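The values are calculated or read from the model by the stated rules, or taken from the named source; none is laboratory data. Everything numeric in this text was worked out from a predicted model, so none of it was measured. Note that we place each Cβ from the backbone using ideal geometry, even for glycine, and neighbour counts take in every protein chain shown. Note: accessible area is taken over every heavy atom of the protein model, side chains too, but ligands, DNA and RNA are not part of it. Shrake-Rupley method; radii C 1.70, N 1.55, O 1.52, S 1.80 Å.
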Amino acid sequence: MTDLIVNSCSISRFKKEKFLKEMSEDSFRDELIRPLLLRIGYQDGRDFCGPTEYGKDAVFSEVNRLDQKEYVAIQTKKGNLTLSSKASQNVVSAITQLNTALAQPIPLLKEKKRIFPSKVILCTSGKINDAARSHIVSEVKDTRIHFLDSDEIIPLTDEHYPEFWLGIDVELMPYLRALKNLVEVDQGNEEETLRISPFLSKAAADSDYVELGLYHHKIKIEKFRGKIYKTQEIDEFSLQDIIHKKINPSLILGEAGFGKSTSLLRLAYITAKSSVESSYDYIIPIIVKANDYITSEFETLINFSDHITRKLANTDNACFSPNNLEKGQVLFLIDAIDEIASAEKRSQLISEIKALHNKYPKNKIILTSRPYKNILAIKELEGFHRVHIHPLSLKQAEKIIKCVQSKKHELPKEQSKELLRRIDQVHGIELSPLLITVFAATSDLSRKDIPANITELFKKFTELMLGRWDEEKGLSQQYHAPLKDFLLTKIAFTLHSDRQTKLSLSRLKDLITNELSIRGHSGDNEIITNELIYRSGLFRILDNEIEFRHHLLQEFFAGRGIDNNDFVAEIIDDDWWRNCIVFYFGDNPDDINNLLDITTTYKPRSSAYLMQAAITIGIALQASYLSPVDEKIDVWKWVVCALSSSEDGSLKALSDTGSKTPITDFVMYYLSGRDAVALHNLEDFSEAILKWSENYSELESHSSDAHSFWLTVALIEIGRLDLAFNILKANSISNTNYLLACHLGSFLSKEIRIVSDSQRKYADKIINLLDVKVGHLKQNLLDELGSQLLEVRNQEVKVLEHTKNGVGDK
């Protein structure tokens, strides 16, 4: 509360007194006195206003030192109470109401009795002078009378309810217009307050925005002929519909570059645009970068929100009030909780968000995150409705290319489709808005230069941003580009090693100066520093701190900044470094020996760490496109063995924490590991690998059943459901949990993913083949989710769903 108290003290006493006097009696009672007394520690606060109030506007209770409950009656008045001729009528009215309040007992319906108040407090929004106090006491003649005027109320409010003063001089429209202009007005530079780039703003505008689809799953309970049935429904909706959905608070999940930040800006824009046009029915959207708040000096999210809204509106006045919070007129959009490196701070933030939701439940709260296992496992996220971003369709991808490419380079429709098909085959990342945007912004379309992996794609993008391809610049600028690229790897590696996403400008300049001095380029220091920080477009600057424009850019440069294999081995089971390692092997796509060495020497600390290492190695393997296939297959086999070995330990760890949902736990284990095995080279080696899995007997913990399972999962993930169907049809897998996971993967391929019509038919065949074998598990899974539902909040939980044809979603 410290920061809010400091802010409240910065508002003059005169302003506070004037603000209180301007309030109506009802507002004074309901918006200040009632919540203030509850904050102080009183309980109850029931309303007695009306014809039967008997001198009491509200009644509170408290427990005395003898552990007995006492009741306090409150009477509120607007303005000053004095004995002057103008105000004396108010004093007479107050005396009458106080006598009535003291004489009439309070009815307690639950206890079936009536009790007199232990005290009656007269609260006024103005001042009660000494003459008025003395006159009231002499007329009422009762020691239970107490007074509370603005002289006492203001310091109590400063201490217990400081955010109330946000309501002074609220300037809503300047903020809404400023937020709206972020998207509509091409300012030519970055809006520092919200860390929003011109490109991101442009992507959220009506002309360029590509509508992203969202989906979540709900369990529908139906009664038929006296029996209860649970079925699953996939609820698909557009981004803007999430504001009106009864899913609050919600968590939007999407991989890196899937458009989460743009989506929040789009929500803020359309909400601000609508609110500007309606001065009565309005919502106030507030975008908060999670890591900005966590690393700020502010102690509460509300106070930080007050700070950034004032700054954007360029005003000293508040842009929202406690009344807005009480009425549910604030939309909190909290971006990138996954970019908070500290697990403890992530949990603290989510706990604060839940407390904010409990305190002001009418306000919509939307978070975004990558779907990392360590994020989804956060206990405090129970009760958040999980919403997923739909994979891009070809139509959406074509629109992104059209928006990014200039008119003179606009591609014919058929050519753009072919390029998109080739982009979709890039190793290391799923087709996403960021991937398509980077490609469209960097590619020489006449050469159709599709990069081989995600690292090479980002290299092209950053070379463009650093000026190497800018023909309008001289040779010196192009000469500096590799040097600037090298400096960026050092900066990013330092940041990532410190587990941070931003650093001070002074420290950044010191890093650059030191690196240039070591390498004999100190004479270029000022030029390179300015071009790197201010002209490259790769950074955001806020006050005296700087960060990469997208966290994936930090991971890209940090990965390329890794300079020895031993360090890779040290961090292989740390998911903070996972994408960095993928970029490292994308930069060294023929370094399969490093992966082979790690698989030989790695000693896991626990099953959880073994699984993390397996996932990272499996994804890095997919970026190693220049490595010999037979050696890649050897590494892939290790990944499968590691996933199989970690299964029992991972599930037991969940069981030891008190989990009572074994099938749900297994499904989460499968979903975490599936990306690690999706190696495209497998389709040509499936028969040999299947034979290997059947004959494998070196370690007892590695069952052939598990190996066949992960091979089948891999084939489903790379879109070869025909080969997966052949394995399942031959009864190569007997474990019903494994079959349930294959059923789930096939369901997702049929309903959600982009696959060919022929492969979609095989997905349907797998579903029909396994439906009988896993039917009981699907019902058990729904039962587990049903019990989890009751434990969370007696509402729907969006984790995994079921339909007549299958089970779907994370």
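Annotations
- When the alpha carbon gyration tensor of region 505-567 is reduced to an equivalent ellipsoid, the three semi-axes, largest first, read 20, 19, 10 Å.
- Per-residue packing, averaged as other Cβ atoms within 10 Å, sorts the ranges 498-504, 222-228, 108-114 into the order 498-504, 108-114, 222-228, beginning with the highest.
- Set LYS245/LYS289; LYS56/LYS78; LYS78/LYS127 screened for pairs whose C-alpha atoms are more than 18 Å apart: LYS245/LYS289
- Counting 0.36 nm for each residue step from GLU299 to GLN68 and taking away their Cα separation leaves a gain of 79.5 nm.
- Hull shadow area, averaged, region 221-363 [alpha-carbon convex hull, nm²]: 11.9
- Using the Cβ-Cβ distance between GLU159 and LEU596 with R0 set to 51 Å, the FRET efficiency from 1/(1 + (r/R0)^6) comes to roughly 0.20.
- For the listed residue pairs LYS637/LYS691; LYS220/LYS246; LYS218/LYS765; LYS246/LYS327, the alpha carbons are over 18 angstrom apart in LYS218/LYS765.
- Sequence ranges 562-572, 618-628, ranked by mean other-Cβ count within 10 angstrom, highest first: 618-628, 562-572
- Packing-based ranking, highest mean first, of 260-271, 760-771 given that Cβ atoms within 10 Å are counted: 260-271, 760-771
- Note on ASP574 and HIS680: their simple-model spin labels are 3.1 nm apart, each label 7 Å out from Cα toward Cβ.
- Sites LYS113 and ASN564 - FRET efficiency at Förster radius 60 Å, r taken between beta-carbons, to 0.05: 0.15
- Cα gyration tensor shape for region 548-616, rounded if a/c is under 1.5, else prolate or oblate: oblate
- Where a label projected 7 Å from the Cα of LYS729 along Cα→Cβ would reach, residues of region 761-786 with amide N under 14 Å: 761-770
- Per residue, the convex hull spanned by the alpha carbons of region 551-694 comes to 118 Å³.
- Three-way shape label, region 325-399, alpha-carbon gyration tensor, a/c 1.5: oblate
- Put TYR534, TYR360 in order of accessible area, highest first, and with a 1.4 Å probe you get TYR534, TYR360.
- Computed with the Debye formula from one identical point scatterer per Cα of region 352-391, without solvent, the log10 of I(q)/I(0) at q = 0.15, 0.25 Å⁻¹ comes to -0.42, -0.99.
- Point-to-point label distance, ARG225-ARG519, nm (Cα→Cβ direction, 7 Å offset): 7.6
- Residue-count net charge about ILE128 - beta-carbon cut-off 12 Å; Lys, Arg +1, Asp, Glu -1: -1
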